[in-house]
Amino acid sequence: MSNPLVNDHSLPPEWREEWSRELARPLSEKTSADVATVLVFRVGAEWFSLPAATVLEISHVPAIHRVPHRQHAGVVNVRGRVTACVDLAALLEPLAGSAATDARLVVWQHRDWHFAAKVDAVEGVHRVESHAVEPPPPPADSHRFVIGLWTLAGRSVSCLDAQKLFTAAKESLS
């Protein structure tokens, strides 16, 4: 009797070779510091990345309600929970960009605090090797949240410092 969980189709040879090399690498070479898993998203005309582990949810953009006396803050209903919503474009100050036809709401978690932000597009989750991330060009303080740059499909992606960005987001609500 054949096992329904086993696929009888043969695997492409290049796939087999690639995974054979990967699985044959010693564990000492496979450190988590070498590879980061990030969410890539667009705000304005610029692409950014943040650690994927900080992302709780990505959804359509519901109504965002402004908080009085807070220019770049609001609240949004996320599955029945009132969640702080930060204007990421105001914090990141990206170049003016195209219309947000693929706008999404991303809900992040920083320690015990959840907050949401509207982004113009989500590229997806990608793995980035540490050697692929270059330091930002001078002046080094040109953007206070960017800690590196890497390339994805011919586009430059700014790697953001999650700690600094999330601290600034929380301060924008205070």
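The values are calculated or read from the model by the stated rules, or taken from the named source; none is laboratory data. The structure presented is a predicted model; accordingly, all values stated were derived computationally and were not measured. No Cβ is skipped: glycine too gets one built from the backbone with ideal geometry, and neighbour counts run over all protein chains shown. Only protein heavy atoms, including side chains, enter the accessible area calculation; ligands, DNA and RNA are left aside. Shrake-Rupley method; radii C 1.70, N 1.55, O 1.52, S 1.80 Å.
The mean accessible area for residues of segment 34-174, using a 1.4 Å probe and ignoring ligands and nucleic acids, is 55 Å² per residue.
Peptide packing for 151-159, 102-110 was compared via the average number of neighbouring C-beta atoms within 10 Å per residue; ordered from the highest value, the list is 102-110, 151-159. The slack in the chain from residue 102 to residue 164, taken as 0.36 nm per residue of separation less the alpha-carbon distance, amounts to 19.7 nm. Residues 172, 20, sorted by accessible area with the largest first, give 20, 172 [1.4 Å probe; ligands and nucleic acids excluded]. Subtracting the Cα-Cα distance of residue 130 and residue 34 from 0.36 nm times their residue separation leaves 34.0 nm of extension gain. Hey, any idea what % of segment 37-153's accessible area is carbon plus sulfur with a 1.4 Å probe? So the carbon and sulfur contribution to the accessible surface is 53 percent.
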